[in-house]
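Okay, structure first, notes after.
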Amino acid sequence: MAPSSYEMAASTLLCGEDSSSILDLEAGGQEEEEEVLLARSRTRGEPSVVFPVPSEECVAGFVEAEAAHMPREDYAERLRGGGTDLRVRTDAIDWIWKVHAYYGFGPLTACLAVNYLDRFLSLYQLPEGKSWTTQLLSVACLSLAAKMEETYVPPSLDLQVGDARYVFEAKTVQRMELLVLSTLRWRMRAVTPFSYIDYFLHRLKDGGAPSRRAVLRSAELILRVARGTCCLGFRPSEVAAAVAAAVAGEEHAVDIDKACTHRVHEERVSRCLEAIQATVALLAPAQPLKAEGPSSGRSRASSSSATVPRSPTGVLDAGCLSYRSDDAAAAAAASHASSAWRDEDGDCSPAVCSKRRKTSR
Amino acid sequence: MATIQHQAKPAVAAAPSTTTGGGQRAMDLYEKLEKVGEGTYGKVYRAREKATGRIVALKKTRLPEDDEGVPPTAMREVSLLRMLSQDPHVVRLLDLKQGVNKEGQTILYLVFEYMDTDLKKFIRGHRSNNEKIPAATVKILMYQLCKGVAFVHGRGVLHRDLKPHNLLMDRKTMALKIADLGLSRAITVPVKKYTHEILTLWYRAPEILLGATHYSTPVDIWSVGCIFAELVTNQPLFPGDSELQQLLHIFKLLGTPNEQVWPGVGKLPNWHEYPQWKPTKLSALVPGLDADGYDLLEKLLEYEPAKRIPAKKALEHPYFKDVRKGDAH
């Protein structure tokens, strides 16, 4: 087993200025993109290596494990009913996508963040009418995903870029992280469509290596699916098989049988494929994602200088006053992991306030 | 004939549960008996579970309320153990407790099955007694190590820090288990470097030392080869004390690699002109193995990562023929 070719592509992209390309492919630029990618691979001086496909054994292990990494069964139905959970999810994902693009994280990080969000929302009732809890949950999910998958993870204050309405202290983010971790029973090594996509692309090409374009396009589609709700009830293996079929089908006629094995049911893959194609048709052309920062190519070394947006004045004042005026209450809050977001009074937490960032680190 | 002792299957351990504060504090459930070591990110204690009298290992980590939040190493280890713990050759995570200390800081306790020693202590014990580890014992331990690594790799995970200290043992049964997955990574994630991590260099694969960013399962296989040699001789095979010294140690003994033995080596980021050493025979470096043993060792220590024998293939190697007979497959 070796890194998936999509991750090699993602890694190559991360070395360049255009790190958001994998999420924002323009149809006309694909050929140029491929040349740029190949050029970058060459200039990095690394030997060209063929990455083997995940083995049948590995895929079987993932299929066996994947159900434990999905939202509870009734979640998709709840979202289709609209209402609070759907709004929370939409707002959270919008924010996650912005920060993801800003820092140039890999596609798997975005996919994991959404996985954690969906699993959490399917199991835990956020208090209603407190919009800051959506923001805090978004920060926690993206932070946890980045920690699982990225080499560099910004400190939690620096992570809160973009047009966030609230900015949370590090300890508040940590408490939320712990709540997400315990709610998901610390199963953060989630099986996602990215675990399978190389395998299915190979099968659809009769064992041949997928093209760079197919890998990038697959990553784009997987993230589009993760962002939407059309495929929420499908398993990651089914989504991956359907995405592989959709992408391969853009190049040549595809017999979907080849993507299906005794582990993946053809009928469900076909339905998933229909849902994906309907989504693609509705959304084409893709909405470009713009990085929110001063420069989408900013290097990580300078990320600590990113300006944290100011909290709304009212929230800032209320939070600071509340925090300072009652040390006992603050201490009590500190000892209960979930109390920071169970406040009954108003729409803020004592911990929500700006603070001067430490200069070291 | 060497065989692995097969214990009666224990009653299925309860699935790990996570509890948050409330009820009893973690330390009210366990009696700490002694500190036995440090893992990647925390202290390890031998402890007794008060309710059952069972002896366990408690790995404790304090979560400072700083910018990092929950440490990535803790998250990765727990997540991976949740995935891998069912294999008999990976240390079992029994429970996870979350509590608060007197200063109000969050404390995590990972509760593991207790293993009374590790391979490092085992080897050192033999060295200080001036005795070799019996050949049959070496074979049994190596077979279990390859089985554990094959399982971990089969689940798409790199360990990245295999060394004798991370291989726990039970002296009576000679059972061996892989532990300390805090630096492990999913195989699909390209790893740019060991960020801020200080690791023993002795078991590190040459492609990592030469700065490759897209390394994979063969790095663990190299570590297995180093451990194999150390089991035979009681001495580490490549004991370097800096990255450069580590590379030079390897090149002096195995010969300086070139494009013939390792296509592409010249393009790795840290490659430059090294002194041209010729390889020494493994039988001179690691006296005490039979022909099959040398053949396996050679395949584990191949320079070219793609040619290093996968753990699953290693299990089929003739060296393990007599051990396999006792394996209930």
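List of remarks:
- Yes/no for B:Ala284 being of a type in the set (A, V, I, L, M, F, W, C), touching a helix residue (DSSP H, G or I) at 6+ places or on another chain (Cβ under 9 Å), open to solvent by 60 Å² or more (accessible area, probe 1.4 Å) and in a helix (DSSP H, G or I): no
- Residue count, region B:54-91 (criterion: part of a strand (DSSP E or B) and at the interface with another protein chain (Cβ under 9 Å from one of its Cβ atoms)): 1
- Scan of region B:97-140 for residues that are open to solvent by less than 30 Å² (accessible area, probe 1.4 Å), over 17 Å from B:Asn166 (Cβ atoms) and within 14 Å of chain A (Cβ to nearest Cβ), ordered by number: B:Lys97, B:Gln98, B:Gly99, B:Gly104, B:Thr106, B:Ile107, B:Leu108, B:Tyr109, B:Val111
- Subset tally (residues that are open to solvent by less than 10 Å² (accessible area, probe 1.4 Å) and of a type in the set (S, T, N, Q)) for region A:89-129: 2
- Residue check, B:Leu94 facing another protein chain (nearest Cβ under 9 Å), touching a residue at least 24 places away in the same chain (Cβ under 8 Å) and surrounded by 17 or more Cβ atoms within 10 Å (Cβ to Cβ): no
- When region A:192-236 is filtered for residues that are part of a loop (DSSP other than H, G, I, E, B) and hydroxyl-bearing (Ser, Thr, Tyr), the ones remaining, listed by number, are A:Thr192, A:Tyr196, A:Ser211, A:Thr229.
- Residue list for region A:157-169, restricted to those being within 11 Å of chain B (Cβ to nearest Cβ) and either open to solvent by 10 Å² or more (accessible area, probe 1.4 Å) or closer than 15 Å to A:Ala113 by Cβ (or both): A:Leu157, A:Leu159, A:Glu169
- Of residues in region B:209-268 being touching a Lys or Arg at 6+ places or on another chain (Cβ under 6 Å) and free of Cβ contacts under 8 Å to residues at least 60 places away in the same chain, the one most open to solvent (accessible area, probe 1.4 Å): B:Thr213
- Options B:Leu315, B:Leu289; residue that is surrounded by 15 or more Cβ atoms within 10 Å (Cβ to Cβ), closer than 22 Å to B:Leu119 by Cα and within 14 Å of another protein chain (Cβ to nearest Cβ): B:Leu315
- Residue pairs meeting the criteria (Cβ under 7 Å; at least 6 apart or on separate chains; first within 12 Å of A:Pro210 (Cα to Cα), in region A:235-249; second among the basic types (Lys, Arg) and open to solvent by 10 Å² or more (accessible area, probe 1.4 Å)): A:Val247/A:Arg217; A:Ala248/A:Lys205
- Selection of region A:139-160 for residues being over 16 Å from the mean Cα position of the chain (by Cα) and either farther than 13 Å from A:Val99 by Cβ or in a loop (DSSP other than H, G, I, E, B) (or both) yields only A:Pro155.
- Test: residue in region A:210-221 that is closer than 19 Å to A:Asn115 by Cβ, open to solvent by less than 30 Å² (accessible area, probe 1.4 Å) and among the β-branched types (Val, Ile, Thr): no
- Residue among B:Val219, B:Val224 that is within 14 Å of chain A (Cβ to nearest Cβ) and under 20 Å from the mean Cα position of the chain (by Cα): B:Val219
- Some residue of region A:135-156 being over 20 Å from B:Leu63 (Cα atoms), modelled with pLDDT of 90 or more and open to solvent by 20 Å² or more (accessible area, probe 1.4 Å): yes
- Residue check, A:Phe234 within 14 Å of chain B (Cβ to nearest Cβ) and either aromatic (Phe, Trp, Tyr) or touching a His at 6+ places or on another chain (Cβ under 8 Å) (or both): no
- Residues satisfying the stated conditions in region B:54-72, i.e. open to solvent by less than 30 Å² (accessible area, probe 1.4 Å) and of a type in the set (Lys, Arg): B:Lys59
- Residues (outside any helix (DSSP H, G or I) and at the interface with another protein chain (Cβ under 7 Å from one of its Cβ atoms)) located in region A:170-191: A:Arg185, A:Trp186, A:Arg187, A:Met188, A:Arg189
The values are calculated or read from the model by the stated rules, or taken from the named source; none is laboratory data. Fair warning: this is a prediction, and the values are worked out from it, not measured in the lab. Every residue, glycine as well, gets a Cβ built from its backbone with ideal geometry; the counts of neighbours run over all protein chains shown. Please note that ligands, DNA and RNA were not included when accessible areas were found on the heavy atoms of the full protein model with its side chains. Shrake-Rupley method; radii C 1.70, N 1.55, O 1.52, S 1.80 Å.
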